[in-house]
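*Asks:* Here it is, the structure, as structure tokens.
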Amino acid sequence: MKEEKVLISTRALTKRFGQKDVLRGIDCDIKVGEKVAVIGPSGSGKSTFLRCLNLLEIPSGGVVSVDGEVLFESELTAKKDNLEAIKKQIKLLISGENSEEVKAHRAEAGELKKELEKTNSLLKEGSTKVKLLKVKLARGTGSVTQEDLDRELANLTSLGERKAELKTRLAGVNAKIKQKKSEAKALLDKDELARLKAAKAEAQEQYLKAKKAHNASMKKTNASIDEHRRNMGMVFQHFNLFNNLTVTENIVLAPLSLGLKDVKAKKKQLLKRKLKGEDVSEQLAALPTKLELAENAKATARRLLKRVGLEDKADVYPSTLSGGQKQRIAIVRALAMNPRVMLFDEPTSALDPEMVGEVLEVIKELAEGGMTMVIVTHEIGFAREVATRVLFIDEGIIKEDAPPAELFGAPKDARLKEFLSKVL
Ligand code: ADP
Ligand code: MG
């Protein structure tokens, strides 16, 4: 059975934390029924990618769509970067910093400073050594001689001279920088400045436009974010079960509160219509009661627990369960929302080795049942067997995207080859 419908898609997806670009432009389509394994070195952005898919993390830029409908879209960061870059260029031009001569001298000054730092640390080391030698010499054990001390003192002297010389040279270079800067300022290229200022105005305008579009998009995103998240079940490395709730209570918590919210919203709508004189008594009576919702949620929980072989654990507390059992419960909890896609973030990484199998088995059965899934994993054997497609993410970019036989059998990317040689 082959389905080609795209469920989730990203375009030029980026995420920045502070100064760090964690995702640097991810284009990815996840089709209905696909089982996508995501592999890559630690810190490469795999978790961030998953979290951006269900908007647990708001991306910095790009597009996230579900069913072809844009859920998030922003060029804000890109436009801001562009504006900042032009501002910097103007600053450099006005200050004379971008004259070739100034740049060359700056580089020279940089080298001298590095050299100076090195000399300073050698001086520090040297004077510690001298102190030590003096102490040893005073003890007179014979292991240290006056000659040793003299040699070290001479070394210190020459380092001191070197330091003085470097400082003089640095002062000279700094003076040259100052002079060249003022020369460059005097010769300021007015045309270039005018060109940059026009570019800045244009960039400013684009930025403001992007800001407006971003805000509008975020409004839309926020409105549909709950709906979006409930379609995506997420399972983390750590199970995050509530220890003060029983297994069933953990499982029904989210579906029940969502169900109640839905009923409340429907009721409100119906009452509005009633106020307008419409007869809605039948629809009102048909709304499920709180008790019915709870019974339904519990029945679903029982059915799913049975499916993962844990029906006898319905009423126990999570603390009595093994790691493998907890993770199976976490999977059930996600499934209870009846999601259209499951996102797994290293679901077996925190487990003792003997429990990995039982969790992978549950995931495999889900896959065989047709569930669409994205799974970040280090279990290469599992990815090979279950995935229909494997993504290799490295430094925030999808470096390779291929069916498992191809990706593992004939990797092309050099970093992927290196990665596989470590994990296989
Ligand atoms: P992976 O799952 O591939 O190991 P992550 O997506 O967890 O990588 O993290 C990628 C990079 O982003 C790491 O350098 C991490 O430190 C950084 N990062 C992740 N989340 C945050 C955050 N909330 N704030 C700041 N930096 C983060
Ligand atoms: Mg991770």
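*Asks:* Restricting attention to the range 360-379, which residues are within 16 Å of ligand 1 (Cβ to nearest atom) and either over 22 Å from the mean Cα position of the chain (by Cα) or modelled with pLDDT of 95 or more (or both)?
*Replies:* Taking the range 360-379 first, the residues within 16 Å of ligand 1 (Cβ to nearest atom) are 374-379.
Result: Val374, Ile375, Val376, Thr377.
*Asks:* Can you confirm whether Phe17 is within 16 Å of ligand 2 (Cβ to nearest atom), among the aromatic types (Phe, Trp, Tyr) and surrounded by fewer than 19 Cβ atoms within 10 Å (Cβ to Cβ)?
*Replies:* Yes: the conditions hold for Phe17.
*Asks:* A further question follows. Quick one: Leu50 ticks every box in (1) surrounded by fewer than 17 Cβ atoms within 10 Å (Cβ to Cβ); (2) part of a helix (DSSP H, G or I); (3) within 16 Å of ligand 2 (Cβ to nearest atom) except a single one, so which number is it?
*Replies:* Among (1) surrounded by fewer than 17 Cβ atoms within 10 Å (Cβ to Cβ); (2) part of a helix (DSSP H, G or I); (3) within 16 Å of ligand 2 (Cβ to nearest atom), Leu50 violates only (1).
*Asks:* Considering only residues that are in contact with a Lys or Arg (Cβ under 7 Å, 6 or more places away or on another chain) and within 21 Å of Lys180 (Cβ to Cβ), which ones fall in the range 98-122?
*Replies:* Of everything in the range 98-122, those that are in contact with a Lys or Arg (Cβ under 7 Å, 6 or more places away or on another chain) and within 21 Å of Lys180 (Cβ to Cβ) turn out to be Ser99, Glu101, Val102, His105, Leu112.
*Asks:* Can you list residue pairs whose Cβ atoms sit under 7 Å apart, with the first residue in the range 273-302 being more than 23 Å from Ala334 (Cβ to Cβ) and without any contact (Cβ under 8 Å) to a residue 60 or more places away in the chain and the second being in a loop (DSSP other than H, G, I, E, B) and not acidic (Asp, Glu)? Count only pairs 6 or more apart in sequence or on different chains.
*Replies:* Sorted first by the residue in the range 273-302, then by its partner, the pairs are Arg273/Val280; Lys274/Val280.
*Asks:* Related question: Within 16 Å of ligand 1 (Cβ to nearest atom), under 30 Å from Lys200 (Cβ atoms) and at pLDDT 95 or above: is that true of Val22 in this structure? Working first, answer last.
*Replies:* Working: within 16 Å of ligand 1 (Cβ to nearest atom): yes; under 30 Å from Lys200 (Cβ atoms): yes; at pLDDT 95 or above: yes.
In short, yes.
*Asks:* Is it true that some residue in the range 56-76 is in contact (Cβ under 8 Å) with a residue 24 or more places away in the chain, buried (at least 22 other Cβ atoms within 10 Å of the Cβ), within 16 Å of ligand 2 (Cβ to nearest atom) and of a type in the set (Val, Ile, Thr)?
*Replies:* Within the range 56-76 (the criterion being in contact (Cβ under 8 Å) with a residue 24 or more places away in the chain, buried (at least 22 other Cβ atoms within 10 Å of the Cβ), within 16 Å of ligand 2 (Cβ to nearest atom) and of a type in the set (Val, Ile, Thr)), the answer is no, since none of the residues qualifies.
*Asks:* Given the residues Glu34, Glu84, which is the only one that is closer than 30 Å to Ser99 by Cβ, more than 12 Å from ligand 1 (Cβ to nearest atom) and out of contact with any Asp or Glu (no Cβ under 8 Å at 6 or more places or on another chain)?
*Replies:* Going through Glu34, Glu84 in turn, just one is closer than 30 Å to Ser99 by Cβ, more than 12 Å from ligand 1 (Cβ to nearest atom) and out of contact with any Asp or Glu (no Cβ under 8 Å at 6 or more places or on another chain): Glu84.
*Asks:* Restricting to the range 146-180, name every residue that is in contact (Cβ under 8 Å) with a residue 24 or more places away in the chain and of a type in the set (Lys, Arg).
*Replies:* Listed by number, the residues that qualify are Arg162, Lys163, Lys167, Arg169, Lys176, Lys180.
*Asks:* Cβ-Cβ below 9 Å, separation at least six or inter-chain, first residue in the range 8-35 and free of Cβ contacts under 8 Å to residues at least 40 places away in the same chain and more than 20 Å from Leu76 (Cβ to Cβ), second away from ligand 1 (no atom under 15 Å from the Cβ) and small (Gly, Ala, Ser): which pairs?
*Replies:* As it stands, the answer is Asp29/Ser9, since those pairs meet every condition given.
*Asks:* Which of the residues spanning the range 31-47 are crowded, with 22+ Cβ neighbours inside 10 Å and either modelled with pLDDT under 95 or away from ligand 2 (no atom under 16 Å from the Cβ) (or both)?
*Replies:* Across the range 31-47, the qualifying residue is only Lys35.
*Asks:* I'm trying to understand the selection: among the residues of the range 350-379, which are crowded, with 17+ Cβ neighbours inside 10 Å and within 16 Å of ligand 2 (Cβ to nearest atom)?
*Replies:* Within the range 350-379, Leu351, Val374, Ile375, Val376, Thr377, Glu379 meet the criteria.
*Asks:* Considering each of Arg328, Arg333 in turn, give the residue that is in contact with a strand residue (DSSP E or B) (Cβ under 9 Å, 6 or more places away or on another chain), more than 16 Å from ligand 2 (Cβ to nearest atom), of a type outside the set (Val, Ile, Thr) and at pLDDT 95 or above.
*Replies:* Arg333
*Asks:* I've got another one for you. Of all the residues that make up the range 251-295, how many are of a type in the set (Lys, Arg) and closer than 30 Å to Glu311 by Cβ?
*Replies:* Qualifying residue count for the region: 2.
The values are calculated or read from the model by the stated rules, or taken from the named source; none is laboratory data. The structure presented is a predicted model; accordingly, all values stated were derived computationally and were not measured. Cβ: placed from backbone, ideal geometry, glycine included. Neighbour counts: every protein chain shown.
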